[in-house]
Amino acid sequence: MAQDDIALIGLAVMGQNLILNMNDHGFVICAFNRTVSKVDDFLANEAKGTKVVGAQSLKEMVSKLKKPWRIILLVKAIQAVDDFIKKLVPLDTTRYFQDLKAKGILFVGSGVSGGEDGAPYGPSLMPGGNKEAWPYIKTIFQGIAAKVGTGEPCCGWVEEKAGHFVKMVHNGIEYGDMRLICEAYHLMRDVLGMEQSEMAQAFEEWNKMEVDSFLTEITANILKFQDNNGKYLLPKISDRAGQKGTGNWSAISTLEYGIPVALIGEAVFARCLSSLKDERIQASKKLMGPQKTQFEGDKKSFLEDIQKALYASKIISYAQGFMLLRQAAIEFGWTLNYGGITLMWRGSCIIRSVFLEKIKDAFDQNPELQNLLLDNFFKSAVENCQASWQWVVSTGVQAGIPMPCFTTALSFYNGYRHEMLPANLIQAKQDYFGAHTYELLANA
Ligand code: NAP
């Protein structure tokens, strides 16, 4: 008899854990997977003793579902989703139209964040797509999502097609946050010459301040971690960073929409540069930087300056991320609830932080806010950090430390606050060699 609440296809780490989460919330789930043997394995092991049921075919799966069928595809991105939709559609014989809605599928694309740990206990879910589907899935999605504050779920309807875009920007911001912390670490290590335990302590302290976040917290833990030989592990880890794609997609979108989200771009490029390890080894033997000198200033005060530079750069990164969301909303005609999006990122996500609360306040106070930097709280936060930020960037440059994200953030701030930029010269040159003409200022 058709009595299962929902089916989930894709029994890899995310799918299995999300099923167990839904089971814990009282829903009956039918599990299916392309490699069908994984269904039996899952039922016999991880799902043993639960109410989860399995299916050996798509046909069997849908026969067990209450109508309307609610099906989660948690498979490898894009191609796998297309493959399954093609197979599912013919099973509903009454509908054969071109788009999914006409074929009877109310398609929802949902960003999922929280990974292996978030999926079983509460992921952040960012659903968008056909809104007619929302009443059918809302209880399940909000039931299993992470909760923050007084139990608000980190899941709300995003907008038509915007769910994955929001998740993509989230991942881009994550790239930026991770890189900014690396630059702070580099300055502590190579300018201030701090020991690893001192750096761990600094990040622990910072985690009680404005930059309090999951990433700051784990940085302290990583710095403290010692291997079985009682040696710190971090210096032994290769400095060649990988990239799976989501940061790149954000960077590509910024170019596509013409929005200067340079910090995410620099975070991606920094990973690319790090991966050129063999070339860097050669270059390090040939290319000279500034003479290494002892830091002569007040170390404690410079450490505070680094924290402020990190905070200000982080504000710029989020301001840029929301600029990208805003532009996409204009392009696609979405009405995005920016405060609601921020709420979804507050639990389970890698970028979760106290700071997101302030962003939510800013957009709640003014849903039309053009730029986060124009909100009073963020405006004064950046202004208060400005002197430290400039000092850190100039000191780091003089010491030859690469800080692409700290510097691009400061450049963006300086550019954004300038009424007149030197782009008039670009326009004049374009006209000089290409007769592209230029626009004169109103008061010229
Ligand atoms: P994954 O490695 O991305 O995908 C594996 C699953 O996809 C398996 O069930 C596999 O079936 C199925 N699959 C792959 N290609 C397929 C195809 N062409 N047709 C049908 N099925 C196909 O698994 P995951 O890490 O659990 O991630 C699942 C989804 O969650 C992905 O979209 C991922 O981007 C997203 N996500 C993952 C994380 C994370 O931390 N892992 C975090 C957030 C979001 P077989 O067993 O038959 O190979």
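Since every read-out is calculated from the coordinates, none of them should be taken as a lab result. Values in this document were obtained by computation on a predicted structure and should not be read as measured data. Methodologically, a virtual Cβ is constructed for each residue, glycine included, from the backbone with ideal geometry; neighbour enumeration extends over all protein chains shown.
Brief remarks on what is shown
- Alpha-carbon Debye profile of the stretch 253-314, log10 I(q)/I(0) at 0.17, 0.22 Å⁻¹: -0.97, -0.99
- At q = 0.11, 0.19, 0.26 Å⁻¹, base-10 log of I(q)/I(0) for the stretch 1-83 (Debye sum, equal scatterers on each alpha carbon): -0.24, -0.75, -1.40
- Local charge for PHE332 was computed over the other residues whose Cβ lies under 9 Å away, with Lys and Arg +1 and Asp and Glu -1, and equals -2.
- VAL36-ASP117 FRET efficiency (beta carbon distance; Förster radius 30 Å; 0.05 resolution): 0.65
- Based on C-alpha pairs under 8 angstrom that are at least 6 apart in sequence, the stretch 322-444 has a relative contact order of 12 percent.
- Stokes-Einstein diffusion for the stretch 369-417 at 4 °C, viscosity 1.567 mPa s, with a Kirkwood radius from C-alpha pairs, works out to 111 µm²/s.
- Cross-link pairs exceeding 23 Å between alpha carbons, from the set LYS64/LYS103; LYS224/LYS299; LYS64/LYS147; LYS147/LYS224: LYS64/LYS147; LYS147/LYS224.
- Charged-residue dipole, Cβ positions (Lys, Arg, Asp, Glu), the chain about Cα centre, Debye nearest 20: 1220
- Full extension of the chain segment joining SER394 with ARG280 gains 38.7 nm, where the gain is 0.36 nm per residue of separation less the Cα-Cα distance.
- For GLU279, neighbours were defined as the other residues whose beta-carbon sits under 12 Å from its Cβ, and their charges (Lys and Arg +1, Asp and Glu -1) total +4.
- Listed peptides 224-233, 257-266 appear in the order 257-266, 224-233 once ranked by packing, highest mean of other Cβ atoms within 10 Å at the front.
- Inter-site label distance for ALA77 and MET209 at 7 Å from Cα along Cβ, in nm: 3.5
- Cα gyration tensor category, rounded, prolate or oblate, for the stretch 293-439 with a/c compared to 1.5: oblate
- Pairs from the table (LYS101/LYS131; LYS167/LYS277; LYS51/LYS138) lying more than 23 angstrom apart at Cα are LYS167/LYS277.
- Helical contribution to [θ] at 222 nm, DSSP H n ≥ 4, -39,500 (n - 2.57), averaged over the chain, rounded to 500: -17500 deg cm²/dmol
- With contacts taken as Cα pairs under 8 Å and at least 6 residues apart, the chain reaches a relative contact order of 14 percent.
- Shape call, the stretch 109-171: gyration tensor on alpha carbons, a/c limit 1.5: oblate
- Range of Cα positions in the chain per principal axis (Å), largest first: 76, 68, 47
- Cα gyration tensor category, rounded, prolate or oblate, for the stretch 231-273 with a/c compared to 1.5: prolate
- For the stretch 1-42, the normalised intensity computed at q = 0.18, 0.20, 0.28, 0.30 Å⁻¹ comes to -0.47, -0.57, -1.00, -1.08 (log10 of I(q)/I(0), Debye sum over alpha carbons, equal scatterers, no solvent).
- Space enclosed by the convex hull of the alpha-carbon atoms of the stretch 116-273, per residue, Å³: 158
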